[in-house]
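To start, the structure under review is shown below, and the notes come after it.
The values are calculated or read from the model by the stated rules, or taken from the named source; none is laboratory data. Quick caveat, the model's predicted, so the values are computed rather than measured. Every residue, glycine as well, gets a Cβ built from its backbone with ideal geometry; the counts of neighbours run over all protein chains shown. Each accessible area value is taken on the protein alone, full model and side chains, heavy atoms only, with ligands, DNA and RNA left out. Shrake-Rupley method; radii C 1.70, N 1.55, O 1.52, S 1.80 Å.
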Amino acid sequence: MTASLAVRGVTAVYTAPNGGSLPALGPVTFTTAPSEFITLVGPSGCGKSTLLRLLAGLQVPTKGSILLDGKPVTEPSPRVAIMFQDANLMPWRTIIDNVALPLELAGISRDERNRTAQALLPQLGLEEFAPAYPGELSGGMAQRVALGRVLIQRPDVLLLDEPFGALDALTREQVSADLMSLWTQERQTVMMVTHDINEAVWLSDRVLVMSRRPGQIIADIAVPLPRPRVLAVTYSEEFGHIAQRVRANIERA
Ligand SMILES: Nc1ncnc2c1ncn2[C@@H]1O[C@H](COP(=O)(O)OP(=O)(O)O)[C@@H](O)[C@H]1O
Ligand SMILES: [Mg+2]
(Lines give C-alpha, C1' and ligand atoms only; values in the text may rest on other atoms or scores of the structure.)
(Ligands and ions follow the chains in the order given, each with its own letter.)
Protein backbone atom coordinates (compact mmCIF):
# COMPACT_ATOMS: atom_id res chain seq x y z
CA MET A 1 0.00 0.00 0.00
CA THR A 2 1.21 3.49 -0.69
CA ALA A 3 0.92 6.29 1.81
CA SER A 4 1.03 10.05 1.89
CA LEU A 5 2.01 12.31 4.71
CA ALA A 6 0.79 15.83 5.34
CA VAL A 7 2.73 18.00 7.76
CA ARG A 8 0.90 21.19 8.64
CA GLY A 9 2.41 24.05 10.62
CA VAL A 10 4.34 21.66 12.83
CA THR A 11 6.60 23.02 15.57
CA ALA A 12 8.50 21.29 18.35
CA VAL A 13 9.59 23.17 21.46
CA TYR A 14 11.72 21.48 24.14
CA THR A 15 12.62 22.57 27.64
CA ALA A 16 16.17 23.93 27.62
CA PRO A 17 18.67 22.87 30.33
CA ASN A 18 18.14 26.27 32.04
CA GLY A 19 14.39 25.66 32.19
CA GLY A 20 13.55 28.07 29.35
CA SER A 21 11.94 27.00 26.13
CA LEU A 22 14.00 25.73 23.22
CA PRO A 23 12.29 25.99 19.83
CA ALA A 24 13.78 23.03 17.96
CA LEU A 25 11.71 22.81 14.81
CA GLY A 26 9.40 24.69 12.53
CA PRO A 27 6.91 25.69 11.68
CA VAL A 28 7.17 23.21 8.82
CA THR A 29 4.51 22.44 6.24
CA PHE A 30 4.82 19.97 3.36
CA THR A 31 3.05 17.00 1.85
CA THR A 32 4.49 13.90 0.25
CA ALA A 33 3.18 12.12 -2.82
CA PRO A 34 2.62 8.36 -2.49
CA SER A 35 5.84 6.40 -3.03
CA GLU A 36 7.97 9.51 -3.02
CA PHE A 37 11.61 9.27 -1.90
CA ILE A 38 12.45 12.47 -0.03
CA THR A 39 15.75 13.40 1.58
CA LEU A 40 16.16 15.97 4.29
CA VAL A 41 19.37 17.96 4.64
CA GLY A 42 20.25 20.77 7.02
CA PRO A 43 22.70 21.94 9.69
CA SER A 44 23.24 19.75 12.71
CA GLY A 45 20.80 20.53 15.53
CA CYS A 46 18.16 22.04 13.21
CA GLY A 47 15.48 19.52 14.15
CA LYS A 48 15.79 16.77 11.51
CA SER A 49 15.67 13.88 13.99
CA THR A 50 12.86 15.64 15.83
CA LEU A 51 10.86 15.81 12.59
CA LEU A 52 11.37 12.07 11.95
CA ARG A 53 10.34 11.20 15.52
CA LEU A 54 7.19 13.28 15.07
CA LEU A 55 6.42 11.49 11.78
CA ALA A 56 6.93 8.15 13.55
CA GLY A 57 4.47 9.13 16.28
CA LEU A 58 7.20 8.81 18.93
CA GLN A 59 6.47 12.35 20.10
CA VAL A 60 3.68 14.82 19.43
CA PRO A 61 4.09 18.30 17.89
CA THR A 62 3.90 21.35 20.13
CA LYS A 63 1.78 22.96 17.41
CA GLY A 64 0.34 21.81 14.11
CA SER A 65 -0.59 18.37 12.89
CA ILE A 66 0.74 15.38 11.00
CA LEU A 67 -1.60 13.28 8.91
CA LEU A 68 -1.00 9.83 7.43
CA ASP A 69 -3.50 9.30 4.62
CA GLY A 70 -5.67 11.96 6.22
CA LYS A 71 -5.59 10.53 9.77
CA PRO A 72 -3.71 12.26 12.59
CA VAL A 73 -0.49 10.55 13.71
CA THR A 74 -0.56 10.47 17.51
CA GLU A 75 1.27 7.20 18.30
CA PRO A 76 3.60 4.71 16.59
CA SER A 77 1.98 2.61 13.86
CA PRO A 78 3.14 -0.60 12.16
CA ARG A 79 2.71 1.24 8.84
CA VAL A 80 5.60 3.57 9.73
CA ALA A 81 9.10 2.23 10.44
CA ILE A 82 12.11 4.23 11.61
CA MET A 83 15.81 3.38 11.41
CA PHE A 84 18.67 5.21 13.13
CA GLN A 85 22.38 5.68 12.51
CA ASP A 86 23.23 3.11 15.15
CA ALA A 87 22.17 -0.41 14.09
CA ASN A 88 21.31 -1.36 17.69
CA LEU A 89 21.36 -5.10 17.03
CA MET A 90 20.93 -7.62 19.81
CA PRO A 91 24.38 -9.23 20.12
CA TRP A 92 23.03 -12.51 21.50
CA ARG A 93 20.66 -13.11 18.59
CA THR A 94 21.68 -14.47 15.19
CA ILE A 95 21.34 -12.25 12.11
CA ILE A 96 18.17 -13.97 10.97
CA ASP A 97 16.67 -13.60 14.45
CA ASN A 98 17.63 -9.92 14.55
CA VAL A 99 15.93 -9.32 11.19
CA ALA A 100 12.86 -11.30 12.26
CA LEU A 101 12.50 -9.56 15.64
CA PRO A 102 9.50 -7.36 14.67
CA LEU A 103 7.62 -10.46 13.48
CA GLU A 104 8.38 -12.23 16.75
CA LEU A 105 7.04 -9.23 18.68
CA ALA A 106 3.92 -9.41 16.48
CA GLY A 107 3.40 -13.03 17.60
CA ILE A 108 4.19 -14.67 14.25
CA SER A 109 5.31 -18.33 14.39
CA ARG A 110 8.99 -19.25 14.16
CA ASP A 111 8.50 -21.10 10.87
CA GLU A 112 6.78 -18.23 9.19
CA ARG A 113 9.17 -15.56 10.42
CA ASN A 114 12.17 -17.63 9.36
CA ARG A 115 10.67 -18.03 5.91
CA THR A 116 10.01 -14.31 5.59
CA ALA A 117 13.44 -13.30 6.90
CA GLN A 118 15.19 -15.91 4.76
CA ALA A 119 13.56 -14.44 1.64
CA LEU A 120 14.73 -10.94 2.53
CA LEU A 121 18.38 -11.75 3.36
CA PRO A 122 19.62 -12.22 -0.26
CA GLN A 123 18.29 -8.80 -1.24
CA LEU A 124 20.42 -7.31 1.50
CA GLY A 125 23.50 -9.32 0.53
CA LEU A 126 23.21 -11.23 3.80
CA GLU A 127 22.21 -14.74 2.70
CA GLU A 128 25.41 -16.30 4.02
CA PHE A 129 25.13 -14.54 7.34
CA ALA A 130 21.81 -15.92 8.61
CA PRO A 131 23.40 -17.97 11.44
CA ALA A 132 26.12 -15.40 12.27
CA TYR A 133 26.08 -13.02 15.25
CA PRO A 134 26.30 -9.20 15.06
CA GLY A 135 29.83 -9.26 16.53
CA GLU A 136 31.02 -11.02 13.36
CA LEU A 137 29.75 -8.32 10.99
CA SER A 138 31.30 -5.18 9.50
CA GLY A 139 29.57 -1.81 10.03
CA GLY A 140 28.03 -1.95 6.55
CA MET A 141 26.65 -5.44 7.18
CA ALA A 142 25.22 -4.40 10.54
CA GLN A 143 23.37 -1.50 8.86
CA ARG A 144 21.99 -3.94 6.26
CA VAL A 145 20.65 -6.07 9.11
CA ALA A 146 19.07 -2.99 10.68
CA LEU A 147 17.53 -2.14 7.31
CA GLY A 148 16.19 -5.71 7.03
CA ARG A 149 14.65 -5.37 10.49
CA VAL A 150 12.61 -2.35 9.39
CA LEU A 151 11.77 -3.68 5.91
CA ILE A 152 10.44 -6.99 7.23
CA GLN A 153 7.52 -5.08 8.71
CA ARG A 154 6.54 -4.09 5.14
CA PRO A 155 5.99 -0.47 6.20
CA ASP A 156 4.23 2.00 3.93
CA VAL A 157 6.45 4.79 5.26
CA LEU A 158 10.17 4.36 5.87
CA LEU A 159 11.95 6.96 8.02
CA LEU A 160 15.75 6.79 7.88
CA ASP A 161 17.81 8.98 10.22
CA GLU A 162 21.35 9.21 8.79
CA PRO A 163 21.31 5.43 8.30
CA PHE A 164 24.71 5.30 6.58
CA GLY A 165 26.36 8.17 8.44
CA ALA A 166 28.94 5.98 10.17
CA LEU A 167 30.01 4.04 7.06
CA ASP A 168 33.00 4.64 4.81
CA ALA A 169 32.29 6.16 1.39
CA LEU A 170 32.45 2.97 -0.68
CA THR A 171 30.33 0.88 1.68
CA ARG A 172 27.89 3.74 1.86
CA GLU A 173 27.54 3.78 -1.91
CA GLN A 174 26.87 0.04 -2.01
CA VAL A 175 24.31 0.07 0.78
CA SER A 176 22.48 3.04 -0.75
CA ALA A 177 22.38 1.24 -4.13
CA ASP A 178 20.80 -1.75 -2.36
CA LEU A 179 18.33 0.52 -0.60
CA MET A 180 17.43 2.03 -3.98
CA SER A 181 16.74 -1.38 -5.53
CA LEU A 182 14.67 -2.53 -2.54
CA TRP A 183 12.67 0.69 -2.69
CA THR A 184 12.14 0.20 -6.44
CA GLN A 185 10.30 -3.04 -5.64
CA GLU A 186 8.29 -1.90 -2.64
CA ARG A 187 7.83 1.80 -3.33
CA GLN A 188 7.36 2.88 0.25
CA THR A 189 7.17 6.60 0.96
CA VAL A 190 10.67 7.39 2.25
CA MET A 191 11.98 10.32 4.30
CA MET A 192 15.72 10.06 4.81
CA VAL A 193 18.08 12.39 6.65
CA THR A 194 21.59 12.62 5.22
CA HIS A 195 24.56 15.00 5.24
CA ASP A 196 25.81 13.75 1.90
CA ILE A 197 24.56 15.92 -0.97
CA ASN A 198 25.38 13.42 -3.73
CA GLU A 199 23.67 10.65 -1.82
CA ALA A 200 20.61 12.87 -1.33
CA VAL A 201 20.34 13.77 -5.01
CA TRP A 202 21.11 10.28 -6.29
CA LEU A 203 18.49 8.57 -4.15
CA SER A 204 15.62 10.98 -4.08
CA ASP A 205 12.75 12.50 -5.99
CA ARG A 206 12.93 15.62 -3.86
CA VAL A 207 15.43 17.21 -1.49
CA LEU A 208 14.15 19.39 1.36
CA VAL A 209 16.73 21.81 2.76
CA MET A 210 16.25 23.05 6.33
CA SER A 211 17.45 26.25 7.98
CA ARG A 212 19.24 26.46 11.32
CA ARG A 213 17.29 25.69 14.49
CA PRO A 214 14.33 26.00 14.73
CA GLY A 215 14.50 24.30 11.33
CA GLN A 216 12.19 25.44 8.60
CA ILE A 217 12.12 24.22 5.02
CA ILE A 218 13.97 26.83 2.98
CA ALA A 219 14.16 24.92 -0.30
CA ASP A 220 12.22 22.10 -1.90
CA ILE A 221 14.28 20.86 -4.84
CA ALA A 222 12.90 18.35 -7.34
CA VAL A 223 15.24 15.71 -8.78
CA PRO A 224 13.80 14.88 -12.20
CA LEU A 225 16.56 12.40 -13.14
CA PRO A 226 15.05 9.30 -14.79
CA ARG A 227 14.98 5.96 -12.95
CA PRO A 228 16.44 3.41 -12.74
CA ARG A 229 19.59 5.40 -11.94
CA VAL A 230 23.10 4.09 -12.22
CA LEU A 231 25.88 5.50 -10.04
CA ALA A 232 27.56 7.00 -13.11
CA VAL A 233 24.69 9.51 -13.38
CA THR A 234 26.43 11.40 -10.55
CA TYR A 235 29.00 12.54 -13.14
CA SER A 236 26.39 14.01 -15.49
CA GLU A 237 25.92 17.73 -16.00
CA GLU A 238 22.28 17.64 -14.94
CA PHE A 239 23.16 15.86 -11.70
CA GLY A 240 25.88 18.45 -11.04
CA HIS A 241 23.41 21.31 -11.47
CA ILE A 242 20.94 19.83 -9.00
CA ALA A 243 23.66 19.04 -6.45
CA GLN A 244 24.93 22.61 -6.82
CA ARG A 245 21.45 24.00 -6.11
CA VAL A 246 21.22 21.88 -2.97
CA ARG A 247 24.67 23.04 -1.87
CA ALA A 248 23.87 26.72 -2.48
CA ASN A 249 20.74 26.43 -0.35
CA ILE A 250 22.60 24.67 2.46
CA GLU A 251 25.12 27.52 2.43
CA ARG A 252 22.39 30.10 2.92
CA ALA A 253 20.83 27.95 5.69
N1 LIG B 1 14.54 15.43 24.09
C2 LIG B 1 15.08 16.65 23.97
N3 LIG B 1 15.04 17.54 25.00
C4 LIG B 1 15.58 18.78 24.87
N5 LIG B 1 16.18 19.23 23.75
C6 LIG B 1 16.24 18.40 22.69
C7 LIG B 1 15.70 17.06 22.75
N8 LIG B 1 15.91 16.46 21.53
C9 LIG B 1 16.55 17.38 20.77
N10 LIG B 1 16.75 18.52 21.46
C11 LIG B 1 17.37 19.75 20.93
O12 LIG B 1 16.58 20.14 19.80
C13 LIG B 1 17.42 20.62 18.74
C14 LIG B 1 17.16 19.77 17.50
O15 LIG B 1 17.63 18.46 17.73
P16 LIG B 1 17.57 17.31 16.63
O17 LIG B 1 16.17 17.12 16.20
O18 LIG B 1 18.27 16.12 17.20
O19 LIG B 1 18.43 17.96 15.43
P20 LIG B 1 19.22 17.28 14.21
O21 LIG B 1 18.74 15.87 14.06
O22 LIG B 1 18.89 18.15 13.03
O23 LIG B 1 20.68 17.36 14.52
C24 LIG B 1 18.84 20.54 19.26
O25 LIG B 1 19.17 21.83 19.75
C26 LIG B 1 18.77 19.53 20.38
O27 LIG B 1 19.73 19.78 21.36
MG1 LIG C 1 19.78 14.05 14.08
Gain in span if fully extended, PHE30 to GLU128, counting 0.36 nm per residue against the direct Cα distance: 31.1 nm
Dipole magnitude of the range 91-154, debye to nearest 20 (Cβ charges: Lys/Arg +1, Asp/Glu -1, about Cα centre): 200
Springs between alpha-carbon atoms under 10 Å, Gaussian network over the chain: tell me which of ILE66, ILE108, ILE96 tops the mean-square fluctuations. ILE108
Pull up all non-local amide H partners of GLN216: gap of 5 or more, or a different chain, and H-to-H distance under 5 Å with H placed in the peptide plane. GLY26, SER211
Protein accessible area in the range 1-122, 1.4 Å probe - carbon and sulfur %: 56
Of the residues ASP168, ASP178, ASP86, which exhibits the maximal mean-square fluctuation in a Gaussian network model of the chain defined by a 10 Å Cα contact cut-off? ASP168
In the range 136-214, what percent of the accessible surface is made up of carbon and sulfur (1.4 Å probe, ligands and nucleic acids excluded)? 44
Could you give the nm distance between label points at ALA248 and ALA177, where each point is 7 Å from its Cα heading toward the beta carbon? 3.1
Skip the ligands, DNA and RNA, and give the accessible area per residue of the chain with a 1.4 Å probe, whole Å². 47
Cβ-Cβ FRET estimate between THR184 and ARG93, R0 fixed at 35 Å, reported to 0.05: 0.75
For the chain, restrict the atom set to alpha-carbon positions and state the Rg and Dmax in Å. 18.3, 54
